[in-house]
1. Right, GLY146: assigned to a strand (DSSP E or B) and touching a residue at least 24 places away in the same chain (Cβ under 8 Å) or not?
2. Would you confirm whether any residue within segment 77-88 is modelled with pLDDT of 95 or more, open to solvent by less than 40 Å² (accessible area, probe 1.4 Å) and over 21 Å from VAL35 (Cα atoms)?
3. Of the residues that make up segment 48-67, is at least one in contact with a strand residue (DSSP E or B) (Cβ under 7 Å, 6 or more places away or on another chain), surrounded by fewer than 15 Cβ atoms within 10 Å (Cβ to Cβ) and among the hydrophobic types (A, V, I, L, M, F, W, C)?
4. Here is a check on your reading of the model: is GLY133 buried (at least 18 other Cβ atoms within 10 Å of the Cβ), farther than 14 Å from GLY97 by Cα and either touching a residue at least 12 places away in the same chain (Cβ under 8 Å) or of a type in the set (Val, Ile, Thr) (or both)?
5. Among the residues of segment 128-138, is any basic (Lys, Arg) and in contact with a strand residue (DSSP E or B) (Cβ under 7 Å, 6 or more places away or on another chain)?
6. Being within 22 Å of ASP76 (Cβ to Cβ), open to solvent by 60 Å² or more (accessible area, probe 1.4 Å) and modelled with pLDDT of 95 or more is the requirement here; does ILE181 meet it?
7. How many residues does segment 89-115 hold that are surrounded by 21 or more Cβ atoms within 10 Å (Cβ to Cβ), within 20 Å of VAL5 (Cβ to Cβ) and among the hydrophobic types (A, V, I, L, M, F, W, C)?
8. Condition first: more than 14 Å from the chain's Cα centre (by Cα), outside any strand (DSSP E or B) and under 25 Å from LEU67 (Cα atoms). Can you find one or more residues in segment 115-138 that meet it?
Amino acid sequence: MKNIVVLVSGGGTNLQRIIDCIDHGEIPNTTISLVVADRDCFGLDRAKNHHIPLELIPRGKSFSSELKQILPENIDLIVLAGFLSILNKEFCESFPGKIINIHPALLPKFGGKGMWGHHVHEAVLKAGEKESGATVHYVTSGIDEGEIILQKSFEISENETVESLAEKIHQVEFEIFPKAINLVLN
């Protein structure tokens, strides 16, 4: 059985998708051994509703060291699912190839500090991009700079809004995140 830890900061929709995929066998022989949030959020309620152990570590300079102290020893993968805090260099280097993130754009474009949620979608539309999508990548000490695991794109329509783009990207995330988790675990 593979053990994963999921880090969240918000509503936890990608966490729920991972839970559902594990329950339905799309991510086989895997369990979520811990959900960690950096703020009070609905992602914690999702963990509680599925009887998954959870921890709240307030965001701040000591987040990475506190997280390292509570991680199970037999962890196979750390999954950032809508997680907004930055893990420090020491933490990232302690788990090479064992931390992945989903990003709501086609990296390497529109990544880095401040590029999350609607900020990404606004930047994509402002730049006049013809396509967008989502990327699952390894986490390194450079923000959104890790090797790409899986990426999927779609054409941006002429009348696209930040909201419609966000919804399309969310559907792409639901499709590629479980596949990427399987790729990394197996």
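The values are calculated or read from the model by the stated rules, or taken from the named source; none is laboratory data. This one's a predicted model, so the numbers in the text were calculated from it and none came from an experiment. Positions of Cβ are backbone-derived with ideal geometry, glycine not excepted, and every protein chain shown enters the neighbour counts. Areas reflect the complete protein model, heavy atoms only, side chains present, ligands, DNA and RNA absent. Shrake-Rupley method; radii C 1.70, N 1.55, O 1.52, S 1.80 Å.
1. no
2. no
3. Scanning segment 48-67, I find at least one residue that is in contact with a strand residue (DSSP E or B) (Cβ under 7 Å, 6 or more places away or on another chain), surrounded by fewer than 15 Cβ atoms within 10 Å (Cβ to Cβ) and among the hydrophobic types (A, V, I, L, M, F, W, C), so the answer is yes.
4. In short, yes.
5. Yes, segment 128-138 has at least one match.
6. Taking the combined requirement at face value, the residue does not satisfy it.
7. Going through segment 89-115 one residue at a time, the tally reaches 3.
8. There is no residue in segment 115-138 that is more than 14 Å from the chain's Cα centre (by Cα), outside any strand (DSSP E or B) and under 25 Å from LEU67 (Cα atoms).
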